[in-house]
Amino acid sequence: MIVWRRDLYLGEGARDQKWKIIHNVRKHKLQLGAYVIVLSVNGKDTFDLIPTYMLSENSYKGRDIEVLGIALGKDEACELARQMIQDVFDRTGDVNIRGYFS
């Protein structure tokens with residue numbers, strides 16, 4: 001099941017399309033260029049940047065996914081992930097990303 005965080009981070013390009021992207025993901029509609037940012041499943045990396053079209057693949061079906069951010073384009077997703085890390089550091093003085101978002 002996909003859970004959308006209330007305090008969802010949004011990239012500049014995704015800001016105006018937030019509800020459209022969420023709707024398309026829920027309906028398994030193709031949404032080219034849109035990415036979701038989630039905590040990494042491998043526990044080693046900080047985030048996974050997942051193109052939304054991948055969410056309908058078998059590897060993600062049935063898995064609980066908490067979406068922390070939405071971006072349009074890989075560059076925007078990388079910048080948004082950087083901003084999320086910076087925000088955690090500014091708020092806590094630490095970079096315990098997993099602990100902050102859990």
Can you pull out the residues in segment 25-37 that are crowded, with 18+ Cβ neighbours inside 10 Å and modelled with pLDDT under 95? V25, Q31
Look at segment 38-78 and say how many of its residues are assigned to a loop (DSSP other than H, G, I, E, B) and at pLDDT 95 or above. 1
Give all pairs with beta carbons closer than 6 Å in which a residue from segment 85-102 that is at positive phi meets a residue that is assigned to a helix (DSSP H, G or I); count only pairs at least 6 apart in sequence or on separate chains. none
Of the residues in segment 1-24 that are within 20 Å of Q86 (Cβ to Cβ) and in contact with a Lys or Arg (Cβ under 8 Å, 6 or more places away or on another chain), the one that is surrounded by the fewest Cβ atoms within 10 Å (Cβ to Cβ) is L8
Being touching a strand residue (DSSP E or B) at 6+ places or on another chain (Cβ under 9 Å) and of a type in the set (S, T, N, Q) is true for just one of N42, N58. Which residue is that? N42
In this structure, does W4 turn out to be aromatic (F, W, Y) and assigned to a strand (DSSP E or B)? yes
Matching residues, segment 46-76, being hydroxyl-bearing (S, T, Y) and either free of Cβ contacts under 8 Å to residues at least 24 places away in the same chain or farther than 17 Å from R15 by Cα (or both): T46, Y53, S56, S59, Y60
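The values are calculated or read from the model by the stated rules, or taken from the named source; none is laboratory data. Since the model is a prediction, treat every value here as computed from it, not as a measurement. No Cβ is skipped: glycine too gets one built from the backbone with ideal geometry, and neighbour counts run over all protein chains shown.
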